Structure formats: C-alpha cells, structure tokens
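Visitor: Mind having a look at this structure? Questions to follow.
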Amino acid sequence: MKQFEGEEWVIGAILNNPENFETAKLSLSASDFLKYSHRKIFKAMEDLDRNGTPLDLSTISALLKGSKDKDRWEDEIEIVKFLKDDVPTGATLRHWIGVVKKRSLEIYLREEASKENLDSKKVERLAYDINTLHDDSILYLPIMDVISVSEDPKARIKTGFRDLDRNLPLSAGRLWTVSGRTGEGKTSLGLQALYHISKTRPVGIVSLEMSAGEVKDRILNSFGSLPENFFISDPSTLSSLDLKHRCKVMQSEQGVEVVLVDYLQLMREREDFRSRHLEVSHIIRRVKEFAKELKLAFIVISSVSRGNEELPPTLSLLKESGDIEFASDGVVFIHSEKEKEDLKFLNIAKNRWGWTGEVKIFWDGPKTKFRDYQKEGIDESD
C-alpha cells in the first residue's frame, strides 16, 4: 500500500460525497492524517462542519484560500478529488478510515513508548486501542443477511455433556462461567469439555491455577491420551489485555475456536482500581467483549464466596462481582451431596436462551472425570 493511500481514499470519498464526512468524523480528526495537505484539508472540513456550513469543493476551497499557500491548496484539492474515480462507500470506506486511524495510533504509541518518563498506563491504553480497532467493522446489517446460530451447523459447539449441550448452547462469541466451591470439579468439567471439543476443532487453555505440565498430567490421568488440537498457555500473571493477546495469537497461529480460562479470580489488571469488585467487573466485561470481537467461545472458571455450605451455591455468591452474572451468557454451578460422593449436580443458573434448572451427573473421583447420568441402565434422554 502506498504511504498515503488510505488518506487519499478517505478525503477523496468526502470530496466526492460530503455525506461521507459524517462517517469519517466518528473515528478521525485532522491530527490522524500524516500528510500535511491532507491534514489541512480535513481540518477545513472540521471547521466547516462545526459552523454548520455545508461541505463541498467550493466551501472547502473558499476556506483554504485564506491560507498563506493558497495556490498549493487549490492544486492539492483538485488532485485529491480526482485521485479515485471509484470512491469508497459503506464498509470499504470504514476500512480505509480504520487504516488511517490505526497508523496514527501506532505512531503515537511509538512516540509515547520512547519517552524517558514513560507513562505505562497511556502506552497500555494505546496498545489496547490498536488491538481493538476494527478496520472492516460493519455498523449494521439487514436482518435477512444475518446468519443465525441455528442456520450454521458448524456454529454449535458440543461439549460432550448431554444435558448441557441440550439446554445451554455454546458457540462463537458466547461466554460460559463455571463455578462452585473448592473441590467440586470446576476445572475438571472445563478440561473435559475442552478435550471433547478438541476432537473437532482447535482449543486453548489459559491456566493460572496449574502449570502446563500439570494440565498435561491431568488430561492423561482422565483420558489416557493427549489431543493434538489442544494448546496451553500458563502465565504467572494475567491481565485482560494479556489474555486477549494470548487468545489472538492462538487463534491466528493455530485456529483456536474455544478458550478455557482457569481461573477468573487469579487475574489482575495493570491499572489501579478503587476496589477488587470493580477490577473483577472490568475483567469479566472485557472477556465478554473479546468473545464477541474475536468470535471465540470462552469458558471461564470462577470461585464463589463463602456461604451456607449445606446449600447449593447461587448467583448471588459469585465471588467479588455481580457483573460475572450479567456478562455471562450462561452460568453453571457444580455441587454435591456429602452422602453421594459419585453423584454431582449441574445447576444451570443463568441461560440467555431459555431453560434453567438442575441436572445430575456422575463423578469419577480417581480419574477426575465426569460422565452423563443414567438411571437403571436407561439414558434419561430417552
């Protein structure tokens, strides 16, 4: 791509159709243009728009004629206007706006990162803005052009747990939270789902609880073999931006479609929050954003606060933040009864798509493995 091609496309699109300025000004300002003449032209457009003056070649030319190098400006406008016969519109225009914005942010990031008194928060924010910038985002679609999950047989992700798959659909862009008290098998449930999914699509785990070696040993103990489509990241610390970076790398290099995060309460942000509640709220909202943006399915392991140990956990006990409930598309609690060590209950406490309630599941403690509940040799689904 030519050095200023994106800027030429954007300004050319506005000069040929001033209504395109409404789209451009949502993301761009004059300072985002690197070429001096382009920056001057866009600044004139901003001034005219601010004063309520219609944008067209004559009003822009009139405003620029007062500049010291007016002859040069008139030449530049004419050149830009006719640079492109086929000016971009719609998604194509938004793509070029994204190109201009991204390059501007990258230059700003390099300048901030090279300063002697580096502001780490500003640098991190700029890096986040660059990573989350949608070059080809679409603001809206006709509903007839939207592909629903039910219309795409590949979209529905099967975890291997009959009653969960039946009642709580998992697909790209969705976030499950699996929670419960210590020792109930939260990580085991997540790993087993991931192992099953890996038979048909690449998966990844970001493990703060266990090392990569421990994850490998757990899988071998439970299933006796290692899946090829299974990738592990075991950072010692993890912020939401770190999580996004790791997920993007696994996705781009290995095609990962589902990510297990073990577990939420071990994540820490780099910036300061007034309370741990606000920090966890920020993290879980970011994870949901990443799910939609990257089109990944997330399964997040979460703790519960201490309550009556005799009662099953509820949504109000999700540890450190009620936003876990609000951000999650589905919340599943695991709990058991003391007198029945091989039987556990999966409580689907939140389900954006319908049914909530409790289902039974068998637990093989020595193998740290679950299997679907059957009664008297008859599958309950029958």
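Visitor: Explain nothing, just the number: dipole magnitude of segment 164-256 about its Cα centre with +1 on each Lys and Arg Cβ and -1 on each Asp and Glu Cβ, in debye rounded to the nearest 20.
Guide: 320
Visitor: Could you work out how far apart the two model spin labels at residue 289 and residue 342 are, taking each label as a point 7 Å from the Cα in the direction of the beta carbon, and quote it in nm?
Guide: 4.8
Visitor: Show log10 I(q)/I(0) for the chain at q = 0.06, 0.09 Å⁻¹, two decimals, from a solvent-free Debye sum over equal Cα scatterers.
Guide: Listed by q, the Debye log ratios stand at -0.34, -0.66.
Visitor: Sticking with this one: Which order do the peptides 179-187, 9-17, 337-345 take when ranked by the mean count of other beta-carbon atoms within 10 Å per residue, highest first?
Guide: Packing order, densest peptide first, comes out as 9-17, 179-187, 337-345.
Visitor: Next question. By how many degrees, between 0 and 90 and to the nearest 10, does the Cα long axis of helix 5-16 differ from the longest principal axis of the chain?
Guide: Approximately 60 degrees, to the nearest ten.
Visitor: Can you give the local net charge around residue 319? Use residues other than it whose beta-carbon is closer than 11 angstrom to its beta-carbon, Lys and Arg +1, Asp and Glu -1.
Guide: Residues close to residue 319 contribute a combined charge of +2.
Visitor: Sketch the reach of a paramagnetic label on residue 223 as a point 7 Å from Cα along Cα-to-Cβ, and name the residues of segment 172-209 whose backbone nitrogen lies under 16 Å away.
Guide: Answer for this model: 187-207.
Visitor: Listing 270, 162 from the residue with the fewest other Cβ atoms within 10 Å to the one with the most, what is the order?
Guide: Details: 270 12, 162 18.
Ranked by crowding around the Cβ, least crowded first: 270, 162.
Visitor: A further question on this structure: Looking at the chain as a GNM with Cα springs under 10 Å, which of 262, 272, 242 has the largest mean-square fluctuation?
Guide: Maximum fluctuation in the GNM of the chain, among the listed residues, is at 272.
Visitor: Taking 0.36 nm per residue of sequence separation and subtracting the Cα-Cα distance, how much length would be gained by fully extending the chain between residue 248 and residue 119, in nm to one decimal?
Guide: The span from residue 248 to residue 119 would gain 43.9 nm if fully extended.
Visitor: Tell me whether segment 200-335 comes out rounded, prolate or oblate; compute the Cα gyration tensor, take square roots of the eigenvalues as a ≥ b ≥ c, and use a/c under 1.5 as the rounded threshold.
Guide: oblate
Visitor: Which ordering of 143, 348, 197 is given by a fewest-first count of other beta-carbon atoms within 10 Å? Could the numbers behind the result be given before it?
Guide: Working: 143 7, 348 19, 197 24.
The most exposed by this proxy come first: 143, 348, 197.
Visitor: Between helix 70-81 and the chain, what is the angle of the helix's C-alpha long axis to the longest principal axis, kept within 0 to 90° and rounded to the nearest 10?
Guide: Once rounded, the angle reads 50 degrees.
Visitor: Still on this structure, I have one more. Beyond a 32 Å Cα-Cα separation, which of these cross-linked pairs lie in this structure: 248/319; 122/248; 102/319?
Guide: 102/319
Visitor: Looking at the chain as a GNM with Cα springs under 10 Å, which of 112, 310, 209 has the largest mean-square fluctuation?
Guide: With Cα springs under 10 Å in the chain, the top fluctuation among 112, 310, 209 is at 310.
Visitor: Same structure, new question: Just to verify a number: FRET efficiency for residue 209 and residue 106, C-beta to C-beta distance, R0 = 41 Å, to 0.05?
Guide: Numbers: r = 35 Å, r/R0 = 0.86.
Efficiency for this residue pair is about 0.70.
Visitor: So, with +1 on the Cβ of K and R and -1 on the Cβ of D and E, and no other charges, what is the size of the charge dipole of the chain about its Cα centre, to the nearest 20 debye?
Guide: Values: 58 positive and 65 negative charges, 87 e Å.
Roughly 420 debye, rounded to the nearest 20.
Visitor: What pairs from 158/288; 40/121; 199/350; 186/216 go past 22 Å between their alpha carbons?
Guide: Distance filter (> 22 Å) returns 40/121; 199/350.
Visitor: Let me ask something else about it. Among 332, 280, 146, which one shows the biggest mean-square fluctuation in a GNM of the chain, springs joining Cα atoms closer than 10 Å?
Guide: So, out of 332, 280, 146, the one fluctuating most is 146.
Visitor: Between residue 316 and residue 2, what is the label-to-label distance in nm when each label sits 7 Å out along the Cα-to-Cβ direction?
Guide: A separation of 6.6 nm, rounded to one decimal place.
Values in this text are rule-based calculations from the coordinates and carry no lab data. Here the structure is a predicted model, which means the values were calculated and not measured. Every residue, glycine among them, receives a Cβ derived from its backbone with ideal geometry; neighbour counts consider all protein chains shown.
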